[in-house]
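Following: one structure in C-alpha cells, then a few remarks.
The values are calculated or read from the model by the stated rules, or taken from the named source; none is laboratory data. Quantities reported herein were computed from a predicted structural model and do not represent experimental measurements. Positions of Cβ are generated from backbone atoms using ideal geometry, with glycine treated the same way; all protein chains shown enter the neighbour counts. With ligands, DNA and RNA removed, areas are computed over all heavy atoms of the protein, side chains included. Shrake-Rupley method; radii C 1.70, N 1.55, O 1.52, S 1.80 Å.
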Amino acid sequence: MKYVKEFETPPRVTLKRSIIIFIGNVLGMYLISFFGLGVNISDFDNIALLVIFISIINAVLWPLLTKIFLPFLVLTFGFGSLIMNGMLLEFFGPMFDIKITGWAIILAPLAMAIVTTLLSSLLTIEDDSSYYRSVFRDAKRKRKEEVKNYPGLIIVEIDGLAYDVLKEALDKDLMPTVKSMLDDGTHTLKKWETDLSSQTGASQAGILHGNNTDITAFRWIEKPNNNQMMQCSGVSKVKTLEERISDGDGLLVDNGASRSNLFSGDTDNVIFTFSKILNLRKLYNRAWYSVFSNPSNFARIIALFLAEMILEIISQIKHRVMNIKPRVKRGIMYIVVRAATNVFMREINTSTLVGDMLIGDIDVAYSTYLGYDEIAHHSGVRDEDSWFALKGMDKQIRRLVNATKYTPRDYQFVIQSDHGQTNGATFLQRYGESFEDFVKSLLPKDMKMFAKMSSNEDHYAESFIPFTKNNDDLIDEKEMEELGDSEVIVLASGNLAMIYLTQWSHRLTYEEINEFLPELIPGIINNEYIGFIVVKSSEHGNLAIGKNGTYYLDSDEIEGENPLEGFGENIVRHIKRNVSFTYTPDILVNSFYDAENDEVCAFEELVGSHGGAGGSQSEPFILYPSDWDIGCDEIIGAENIYRILKSNLKNLKEGDAYDK
C-alpha cells in the first residue's frame with residue numbers, strides 16, 4: 001500500500017503574494033540603505049534586480065544549504081539563517097553594484113522580512129500554504145514507501161487556558177477554527193479537573209507519564225533528602241523528576257514526538273523538552289528543517305517577535321495610563337519573554353509539527369503552546385492581551401488542521417489545557433505585606449527563614465537561558481547558603497503556599513507546631529485573605545482548618561463551618577491525596593476564594609495565577625474526536641487524561657476508532 005489517503009500538493013505562490021514579497025524585499029533593502037546601515041547602492045533599480053536574482057538562487061540553493069548547515073542553524077537558534085541570507089546578499093550584491101557590509105548582513109534580510117510581513121498584514125494576505133510548500137518536497141523524499149494505514153494523533157496543549165475562558169473566546173468568535181470543530185460535530189468539548197497542584201509540572205507529569213505522585217506543588221522541600229529543594233523547572237531538576245515518575249511507558253514512547261514540554265513522555269524525538277534539553281544530540285533534530293526550509297521564514301518569525309514586543313510596550317503603557325487593576329510590574333525583561341513564548345516558540349512548534357505531519361511517520365505528537373499562560377499571568381485572564389494570544393493560537397490550530405490536506409495519512413487532533421488560571425489582586429496588594437514577611441512576623445525574631453515565592457517558571461519560559469547554571473537550578477549561591485542555614489522555609493505556587501520547619505526531620509504535628517510556635521497557626525488562619533490550612537494532628541489525623549471550622553479529613557467529620565466550602569466538590573479528595581505524598585509540608589496554606597468575583601490572591605506577584613484551589617485554575621478542558629470513547633464520568637486528575645489518551649491512541653492503531 002503506497003498511501004492510505006488521497007493528498008494534495010500545496011499550491012504555488014499566488015501572483016498577488018509574489019508581488020507583495022517582491023515589493024517588501026525591495027523596500028526593506030532600500031530602507032537599510034536610506035538610513036545608512038551598511039547597504040550602499042548606486043541605482044534603485046539594481047535592488048529590484050538583486051531581489052529577483054536572490055529569489056532564483058534561494059529556490060535552487062537554499063534547500064541544499066539548509067541541509068548542510070542545519071546543525072549550525074539549530075545551535076544558533078535560527079539566527080544563523082539571517083547570517084546565511086545576508087552572506088548571499090553580500091556575495092552576489094557586487095554583481096548589481098550593491099555593497100553590503102557590517103550589520104547589514106543581518107539587518108538587510110530582517111528588514112526585507114519585516115516590510116513583507118507588514119504589507120501582508122495590512123493587505124490581509126494570508127499565505128498558509130507557504131507553511132507547507134517549503135517542506136513538502138523534502139517531506140515526500142523522507143516518506144517511507146509503506147505508509148501506515150491508521151491515523152496519527154496531534155495533541156496541542158494551550159497552557160493555562162481554563163474551560164470557561166475557552167467558552168468565552170468561542171462565544172466572542174475569537175477562535176473560529178476551534179468553534180468549527182465543535183459546530184461540525186467532529187469534536188466534543190469536556191471540562192476536566194486538575195489535582196490540588198494546578199500547575200504544569202504536576203499536570204504534565206500526569207498527562208505524559210501517567211504519574212504525578214509526590215509532586216506536592218511547583219516547588220517543595222524534601223526533608224528526608226537533607227532539606228533539598230525540588231521544583232518543576234530547571235533542566236537538572238526536571239530531568240531528575242522524569243527519572244522518578246517514568247516507568248518507561250509514557251504517552252509518547254511508541255514513535256512519538258515531544259515539542260516544548262517539561263517532560264518527554266519517554267520519547268527521544270524532542271525539541272525544547274526540558275527533561276532532555278541538556279543532551280545536545282537530542283537538541284539537534286531533523287524536524288528543525290521545517291523551520292528553516294524557507295529562506296525568509298525565520299526572518300518572518302523575528303519580525304513577528306519584534307511586533308509582539310511593541311504590543312507589550314503599548315500594553316504596559318495602556319494599563320498604567322488607564323489604571324487597570326489588578327496590575328503587576330512587568331519590567332523590561334518580560335517584553336522579551338512575552339515575545340519568546342507567544343511568537344518564537346509558538347512558530348517553532350507549528351513549523352516542526354507540520355513537518356512531522358507531512359512526512360507522516362510520527363504516530364503521536366504532544367506540543368505545549370505557552371503564550372496565553374504567560375500573558376494571562378501578567379495582563380489578566382480576560383485582558384485584551386490574552387484574547388489576542390488566543391486569536392493567534394487559533395491560527396496555529398488552523399494551520400495544523402489544514403496540513404492534513406497534504407499528509408500521506410490522516411491525523412486526528414486533541415486540543416487541551418493542563419490547568420486554568422484565576423484572576424485576582426495578590427496577597428501583597430491586598431494585605432500590604434508579602435506572605436513571607438507576614439509569616440516571619442509570627443515567628444520568634446531569631447529564627448532564620450528562607451522564602452522562594454516565584455513559580456512563574458512552571459512553564460519554563462522565563463528560565464529558558466540554554467545551558468547556563470541559572471537555568472540549571474534557578475537559585476544562586478547566596479540563596480543556597482540561606483536555604484542551608486534556614487529553620488523555616490516558605491514556598492509559593494500561585495495561591496498555594498508551603499511552610500516547612502526544617503529544624504525537625506519529620507512532618508511536625510499540629511500539636512507540636514502549637515507548642516513550639518504558638519502564634520504561627522492562629523495568625524495564619526485568622527488572616528482575612530487565607531482560605532484554609534492543612535496540618536496533621538497526632539490525635540485526629542489530617543485537618544483542614546479555616547477561621548470558623550475544621551474538616552477532619554480522616555473521618556470526614558466537620559466541626560463548625562466547612563472551611564473547604566466553595567473550593568470544588570472534589571477538594572477533599574484532592575487534599576487527601578496530596579497529604580499522602582512523601583514531601584507534604586508541615587503547613588499547607590491556600591488563599592481565600594471570592595466566588596462572587598471569581599478571585600483568589602496569589603502569594604507571588606501575578607495577576608492570573610494557578611497552583612492551588614479556587615476558581616477556574618483547577619478546570620482545564622479537553623477537546624477530543626467525537627468518536628472517541630472516554631466514558632461518561634467526570635475526569636478527575638491529570639493521570640486520567642493520560643489513560644484516556646493512551647487507550648484511544650491504542651484504538652487508533654488497532655483501527656477501532658478509525659473504522660467507526
#### Entry: Magnitude of the charge dipole, the stretch 573-660, Cβ model with Lys/Arg +1 and Asp/Glu -1, debye to 20
560 debye
### Query
Do you know the relative contact order of the chain, to the nearest whole percent, from alpha carbon pairs under 8 angstrom that are 6+ apart?
21 percent
### Query
What's the carbon and sulfur percent of the chain's accessible surface, probe 1.4 angstrom, rounded to a whole number?
54 percent
### Task
At q = 0.18, 0.24 Å⁻¹, what is the base-10 log of I(q)/I(0) for the stretch 351-421 according to the Debye formula with one equal point scatterer per Cα and no solvent? Please give it to two decimals.
-0.75, -1.05
#### Entry: Spin-label model distance (nm) - Arg137 vs Phe516, 7 Å beyond Cα toward Cβ
7.0 nm
### Message
Which order do the peptides 40-51, 500-511 come out in when sorted by mean C-beta neighbours inside 10 angstrom, highest first?
### Response
500-511, 40-51
### Query
Tell me which aspartates and glutamates have Cα within less than 15 Å of Lys140's Cα, excluding those fewer than 8 residues away on the same chain?
Glu6, Glu8, Asp356, Asp361
### Query
If you place +1 on the Cβ of every Lys and Arg, -1 on the Cβ of every Asp and Glu, and leave all else neutral, what size is the dipole of the chain about its Cα centre, to the nearest 20 Debye?
3260 debye
## Note on the structure
Distance in Å, no decimals, from the C-alpha centre of the stretch 68-96 to the one of the stretch 12-54 is 17 Å
### Reachable lysines, given that their alpha-carbon falls under 29 Å from the alpha-carbon of Lys536 and they are not under 8 places away in the same chain
Lys223, Lys237, Lys440, Lys445, Lys448, Lys452, Lys547, Lys576
#### Entry: Asp254 versus Thr101: modelled label distance in nm, points set 7 Å from Cα along the beta carbon direction
6.2 nm
### Query
Listed highest first by mean packing, meaning other Cβ atoms within 10 Å per residue, what order do 155-163, 369-377 come in?
369-377, 155-163
### Task
Counting only heavy atoms of the protein chains, get the accessible area per residue of the stretch 124-261 (1.4 Å probe) and round it to a whole Å² value.
34 Å²
### Query
What shape does the chain have by the C-alpha gyration tensor, where a ≥ b ≥ c are the square roots of the eigenvalues, rounded means a/c under 1.5, and otherwise prolate means a/b greater than b/c and oblate the rest?
prolate
### Message
I need the peptides 211-220, 403-412, 425-434 ranked by packing, meaning the mean over residues of other C-beta atoms within 10 angstrom, with the highest value on top.
### Response
211-220, 403-412, 425-434
#### Entry: Solvent exposure of the stretch 529-604 as accessible area per residue, Å², 1.4 Å probe
43 Å²
### Net charge of Cβ neighbours under 9 Å - reference Gly160; Lys, Arg +1; Asp, Glu -1
-4
### Task
At 7 Å along the Cα-to-beta-carbon direction for both Ile313 and Tyr552, put a label point, then send me their distance in nm to one decimal.
6.3 nm
### Message
Considering all alpha-carbon pairs of the stretch 208-260, what whole percent are spaced by more than 13 angstrom?
### Response
66 percent
### Query
So what is the 222 nm mean residue ellipticity for the chain from helices alone, if each DSSP H run of at least 4 adds -39500 (n - 2.57) and you divide by all residues, rounding to the nearest 500 deg cm²/dmol?
-13500 deg cm²/dmol
